[in-house]
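Provided herewith is a single structure, encoded as C-alpha cells, for subsequent inquiry.
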Amino acid sequence: MSFNDLGLEPELLRAVVAAQPEHLNAHYLLSTVLRALGRTQEAEKELQIHNRIAEQQRNRSRTTAAGPEP
C-alpha cells in the first residue's frame, strides 16, 4: 500500500495547510509523505513548521494551566 492508496498526496495536504496553516497534523503528514517521496528538503521544512506549532501550543497550554498572574 502506498501513500497514494490512502489519498495522502502532497498536493492535497498542501491544500489543507494552505487553508489551515496551524493544522499540526497536516504539516506532520505532509512531511512524512514528502520524505517517502524522497523530497527531503521540503519534508524538513514541513517538520520544522510542525515543531514550531507544537511548541506554541505547548506554551499556550502551560500559560492557560498556570492561570492569570496575580
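The values are calculated or read from the model by the stated rules, or taken from the named source; none is laboratory data. These numbers were taken from a predicted model, which means no experiment stands behind them. Positions of Cβ are generated from backbone atoms using ideal geometry, with glycine treated the same way; all protein chains shown enter the neighbour counts.
From (1) part of a helix (DSSP H, G or I); (2) modelled with pLDDT of 95 or more, pick out the condition that doesn't hold for P21.
(1)
Would you point out the residue of the range 42-54, among those that are within 15 Å of R14 (Cβ to Cβ) and not small (G, A, S), that is nearest to the chain's Cα centre (by Cα)?
For the range 42-54, the residue satisfying everything is H50.
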